[in-house]
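Colleague: This is the structure I want to talk about, given as structure tokens.
The values are calculated or read from the model by the stated rules, or taken from the named source; none is laboratory data. Just so it is clear, the structure is predicted and the values come from calculations on it, not from any experiment. So basically every Cβ, Gly included, is an ideal-geometry build from the backbone, and we count neighbours across all protein chains shown. Keep in mind that these areas ignore ligands, DNA and RNA; they rest on the heavy atoms of the full protein, side chains included. Shrake-Rupley method; radii C 1.70, N 1.55, O 1.52, S 1.80 Å.
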Amino acid sequence: MFKSKNMLFVLVLSVFMLVLAACGSDDEDTSTTDTESNSGDAATEADYGDVKFLSILTGGTQGTYYPLGGTFADLITTDTGVKTTAEVSQASAANMTALADGKGEIAFVQTDIAYYATQGTLMFEGQKIDSVVALGALYPETVQLVTLADSGIKTFADLKGKKVSVGAPGSGTYANAEQLLEIHGLSIKDDIQAQNLDFGESTDGIQSGQIDAAFITAGYPTGAVEALNATNGVTIIPVEADKAEELIAKYPYYAVDKIPSGTYGLESDVPAVSVGAMLAVQKDLPEDLVYAMTKAIYDNTDKIGHAKGEFIKAETGLDGIGIEVHPGAQRYFDEVK
């Protein structure tokens, strides 16, 4: 009887010890998992700070910025794990102000407008922006003066007295229109009937006859112009070589460009001028995050479906940049030299 009781006691004690061992093992596993998890979280915070979401400010839906912005957002989301979306906006000048106001983290901007903003000149007079820096250069943005083939407008001089869309006041397109008209001896206030329309409104206005022509600064082919050409034949007014030289001498951020034959059904190349498109970012974004964003875009240019993708290259990522470059982007471009 005593022997049976001892055996029962040993059996109960053994079970109890096994339970304690199992509990101890669980506690150790939990502790290890928590430590690893906390370590991973700490690494993420060190890399990206508190950034959990990114907005790319683009332009109107019928321009070039918006479709490219969607592609960039996908690339950044995939490579960094930070959810990124492309947002419709009023483009260059408005984008610089929105970045400074914290309404976005990344933005498409013309190189000339970024320069004005950081210097506090022209449309940014008295409103200098020092909280925005460059991520990288993209492609040439051609200043396109669009009209219908049967409008009778063949030169800049033919614009006098006509209704012409020049973009929103303070926009990059407005500045380009004003400067090109100036070089051709025309005033945006006195010699044309200026209309402040976006790209889609401009081409709709041309189609309906409400306006005669429109300045559109964007990478070609521009969706709004393609849509107009599909229903009404369009033409692009040329910027002759002597006028392009005069413009560049006064405003050196312009470059000689051309719209090649076949674009919008054009039968021959049309001489033009362009400014650069670039990406700007908030200056205080974490360096590691901006490095990862830059790498996501410039290492994956083969995944950019838009025609302008062929111009976006790591080796030209700093060309034409006239403002400070974010340290994260600079680190990437230094590595790929």
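Colleague: Taking a label point 7 Å from the Cα of residue 210 along the Cα→Cβ vector, which residues of region 151-170 have an amide N closer than 20 Å to it?
Modeller: Only 151, 161-170 pass the distance filter.
Colleague: How big is the chain on each of its three principal axes, counting only the C-alpha atoms and giving the largest first in Å?
Modeller: In descending order, the Cα extents are 120, 41, 34 Å.
Colleague: Something else about it: How large is the direction-averaged shadow of the alpha-carbon convex hull of region 72-137, in nm²?
Modeller: Computed as one quarter of the Cα hull surface, the answer is 4.6 nm².
Colleague: Further question on the same structure: Would you mind getting me the FRET efficiency between residue 150 and residue 240? Use the beta-carbon distance for r and R0 = 22 Å, nearest 0.05.
Modeller: The pair residue 150/residue 240 has a calculated efficiency of 0.50.
Colleague: Carbon and sulfur: what percent of region 241-322's accessible surface (1.4 Å probe)?
Modeller: The C+S portion of the solvent-accessible surface of region 241-322 is 48 percent.
Colleague: Taking 0.36 nm per residue of separation and subtracting the Cα-Cα distance, what length does fully extending residue 337 through residue 182 add?
Modeller: Working: separation 155, 0.36 × 155 = 55.80 nm, distance 3.99 nm.
Stretched fully, the residue 337-residue 182 segment lengthens by 51.8 nm.
Colleague: Something else about it: With every protein chain present, what accessible area does residue 283 have (1.4 Å probe, heavy atoms only), rounded to the nearest 10 Å²?
Modeller: Accessible surface of residue 283 is approximately 90 Å².
Colleague: Oh, and also: Under 5 Å between amide H atoms, partner at least 5 residues away or on a different chain: which partners does residue 258 have, H built in plane at 1.01 Å?
Modeller: HN-HN under 5 Å from residue 258: 272.
Colleague: Largest first, how would 108, 311 line up by accessible area (1.4 Å probe)? Provide the component values of the computation, followed by the final result.
Modeller: Details: 108 0, 311 75 Å².
Descending order: 311, 108.
Colleague: What does the charge dipole of the chain about its Cα centre add up to, to the nearest 20 debye, if the Cβ of each Lys and Arg holds +1 and the Cβ of each Asp and Glu holds -1?
Modeller: In total the dipole reaches around 420 debye.
Colleague: Right, next: Treating only the Cβ of Lys, Arg, Asp and Glu as charged (+1, +1, -1, -1), what charge dipole size does region 119-247 show about its Cα centre? Round to the nearest 20 debye.
Modeller: 160
Colleague: State to the nearest 20 debye the size of the charge dipole of region 74-150 about its Cα centre, where the only charges are +1 on K and R beta carbons and -1 on D and E beta carbons.
Modeller: Values: 3 positive and 10 negative charges, 35 e Å.
Dipole size: approximately 160 debye.
Colleague: Using every alpha carbon pair in region 225-337, what percent of pairs falls into each 5 Å bin from 0 up to the bin containing the largest distance?
Modeller: 2, 10, 15, 16, 15, 14, 12, 10, 5, 1
Colleague: In nm, to one decimal, how far is the modelled label at residue 88 from the one at residue 256, with both set 7 Å along Cα→Cβ?
Modeller: Inter-label distance under the simple model: 4.0 nm.
Colleague: Quick one: of the DSSP bridges fully inside the chain, what percent are antiparallel, nearest 5?
Modeller: 70
Colleague: Turning to a different aspect of this structure: Have a look at 58, 121, 173 and tell me which one the Gaussian network model of the chain (Cα, springs below 10 Å) gives the largest fluctuation.
Modeller: 121
Colleague: Given a 1.4 Å probe, how much area per residue of the chain is accessible, in Å²? Write down the numbers at each step before the final one.
Modeller: Working: 16120 Å² over 337 residues.
Per-residue accessible area for the chain comes out at 48 Å².
Colleague: Here's another thing I want to ask about it. Cut-off 10 angstrom, C-alpha nodes, Gaussian network model of the chain. Which of 69, 219, 322 fluctuates the most?
Modeller: Fluctuation is largest for 322.
Colleague: Further, regarding this structure: Which value in Å does the Kirkwood hydrodynamic radius of region 176-234 take, with 1/r averaged over all unlike C-alpha pairs and then inverted?
Modeller: 12.3
Colleague: Direction-averaged shadow area of the convex hull around the Cα atoms of region 279-337, nm²?
Modeller: Numbers: hull surface 16.3 nm².
Projected area, direction-averaged: 4.1 nm².
Colleague: Next up: Translational D (Stokes-Einstein, µm²/s) of region 165-266 at 25 °C and 0.890 mPa s when Rh comes from the Kirkwood sum over C-alpha pairs?
Modeller: Rounded to a whole number, D works out at 171 µm²/s.
Colleague: When the chain is modelled as a GNM with alpha-carbon springs shorter than 10 Å, which of 113, 248, 188 fluctuates the most?
Modeller: 248
Colleague: Please figure out what share of the DSSP beta bridges in region 146-257 is antiparallel and state it in percent, rounded to the nearest 5.
Modeller: 50
Colleague: Leaving out ligands, DNA and RNA but keeping every protein chain, what accessible area does residue 250 have, in Å² rounded to the nearest 10, with a 1.4 Å probe?
Modeller: Solvent-accessible area, nearest 10 Å²: 110 Å².
Colleague: Given a 1.4 Å probe and every protein chain left where it sits, what share in percent of the accessible area of region 67-140 is carbon and sulfur? Display every interim value, and only then the final one.
Modeller: Numbers: 1290 of 2770 Å².
Summing carbon and sulfur atoms, their accessible area is 47 percent of the total for region 67-140.
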